[in-house]
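I have placed the structure first, in the form of structure tokens, so that the comments after it can refer back to it.
Derivation of every value follows stated rules applied to the coordinates shown; laboratory data play no part. From a predicted model like this one, the values you see are computed outputs, not experimental measurements. Glycine gets a Cβ as well: all are built from the backbone with ideal geometry, and neighbour counts include every protein chain shown.
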Amino acid sequence: MIVCKFGGSSVQDADALMRLAGIIRSQREQKPIVVSSAMGKTTNNLLEVARTAAQGKKKEALDLLAKIKDRHLGEARKLGIAVAEDQVSETINTYFKEMRDLVRGLAALGELTPRITDAMASYGERLSTLIIARLLENEGLPAELMDARECIITDDRFTRAAPLFDLTEAAIVEQFRPVLRSGKIPVFQGFIGRTRDGITTTIGRGGSDFTAAIVGAALDAEDIQIWTDVDGIMTTDPHMVEDARRIRVISFNEAAELAYFGAKVLHPATIIPAVRKKIPVHVLNSSKPDHEGTLITNEAACCDNPIKAIAYKSGITVVNITSTRMFMAYGFLKKIFEIFEQYKVPVDVVATSEVSVSLTVDETSNLEDIVADLRKIGEVNIEGSKSIVCCVGDNVRNVPGLPYIAFSALRDIRIQMISQGASAINITFVIDDDQIPKAVRKLHDAFFQKVDPRIFE
Ligand code: ASP
């Protein structure tokens, strides 16, 4: 059995949906499970509706909502779906009626809570999968529309809820068993879940990959396919460097590192459930179904290039904490990290000296409170508009002279922090945001002038 996850652009319109049906048909023998995102930019549009409504602009919000409905109905009808008064039309009507009620409520209250945000966003995936399940049926591929909220059980951190793995795995096994036994193709929503009390949640933007990995891991899938609109994972952002190469094979560790530091192809956490179960993940282009894409696997592949890719993440904030009390003291770092933990703010890069700690965060919503607490420990200063750029590769630790190549490439750029972690899979630099294009290009030139054809295209 395999899990085929389709991202927003791979289900954006009738043509894309027909390609999806073709992809599923050609893999029928492998017993596919479909996990889908919302169609195109639907999630963004729904969130826009919610925000507009909460600003009291009820009419504007209802108009936006009507457009979303037209788009869904329009694409569905091109596929011969929802043309008559059938179950699909009825469900679409019900969903939009519920959303209009939400809009009215939001406009009256003038406030948008994370919980309502999730309720609104959930309709995107519910609509796309409703259409997909019917399409597959019409195409002679018996399908069963499932409700992810019966399976993905999360905590109540709305908008980025964390799945409760034990409950979720048990629910997935229970819900999928009869469907798989019946031979039907399960069609499942990415991104959404529910709390133990039954309130709809979402697991963070781009979370459908994560859903796919959770489902794949729970059911011991043979393969997880992430269908996107790119050819696979690239050596760097192709918008920034024209001759970025496709990576044929990459290890889980490398892919996770890349995802985390900004390669837009995968959700950072996606990899974790797949890694645990050693399930290979393929990143594929739904517009070119025969293209080989990128294989993410557990086995390290030999590679002549010292690194596999260069990733970056902009809009980072550096927090510097200086205290002479830290000199020769212990427990100091613990105090600092406890503060970040208390506010549930993840820290990306850390560098320490005897009297100072520098760290980076990409979330600044609680920063003022965090700084106030840190000031009880030492002097604090904050620098915004920074970027992390990192060279990623399983070989980073073993290649002599690798830092030399990186430093030479960056010789004209002011480097604010450097870190090479114990896992030694990346070497990371923190620089000014506006230096990113230059830094990424220089590093790419330095490391990928020649490429190993076994690993790169
Ligand atoms: N539809 C959600 C989003 O746009 C989840 C996903 O596509 O992965 O973030």
How high is the FRET efficiency from Asp13 to Lys59, r the C-beta distance, R0 22 Å, rounded to 0.05?
0.20
Just want the ordering: Met18, Met417, Met146, from fewest to most Cβ atoms lying within 10 Å of their own Cβ.
Met18, Met417, Met146
Roughly how large, in nm² to one decimal, is the mean projection of the convex hull of the alpha-carbon atoms in the range 24-126?
7.5 nm²
Taking every pair of distinct Cα atoms and averaging 1/r, then inverting, what Kirkwood hydrodynamic radius in Å comes out for the range 272-390?
17.5 Å
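Using DSSP to define loop residues, name the GluC sites (Glu not before Pro) in the range 51-135 whose beta-carbon has at most 11 other beta-carbon atoms within 10 Å. Please report the intermediate quantities before stating the final value.
Numbers: sites: Glu60, Glu75, Glu85, Glu90, Glu98, Glu111, Glu125; in loops: Glu85, Glu111.
Taking the range 51-135 and a limit of 11 other Cβ atoms within 10 Å, the loop GluC sites (Glu not before Pro) found are Glu85, Glu111.
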Calculate the translational D of the chain in whole µm² s⁻¹ from Stokes-Einstein, where the hydrodynamic radius comes from the Kirkwood formula applied to all Cα pairs, the temperature is 20 °C and the viscosity 1.002 mPa s.
91 µm²/s
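How much mean residue ellipticity at 222 nm does the chain get from its helices, if each DSSP H run of length 4 or more adds -39500 (n - 2.57) and you divide by all residues, to the nearest 500 deg cm²/dmol?
Roughly -12500 deg cm²/dmol at 222 nm, from the helical runs in the chain.
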Put a dot 7 Å past each Cα toward the Cβ at Glu379 and Ile272; how far apart are the dots in nm?
3.7 nm
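Computed over the Cα atoms, what is the radius of gyration of the range 103-150 divided by 2.2 N^0.38 Å, N being its residue count? Kindly include the intermediate steps, with their values, before the conclusion.
On the way: Rg = 15.3 Å, N = 48, 2.2 N^0.38 = 9.6 Å.
Normalised Cα radius of gyration, the range 103-150: 1.60.
Given R₀ = 41 Å, what would the calculated FRET efficiency be for Gln342 paired with Arg77, taking r from the Cβ atoms and rounding to 0.05? Please report the intermediate quantities before stating the final value.
On the way: r = 52 Å, r/R0 = 1.26.
For R0 = 41 Å, the calculated efficiency reads 0.20.
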If you average the sequence gap of Cα pairs under 8 Å that are 6 or more apart and divide by the length of the chain, what percent do you get for the contact order?
14 percent
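Over the range 101-209, what relative contact order in percent results from Cα pairs under 8 Å that are six or more residues apart?
Values: 170 pairs, mean separation 34.6, N = 109.
It comes to 32 percent, rounded to a whole number.
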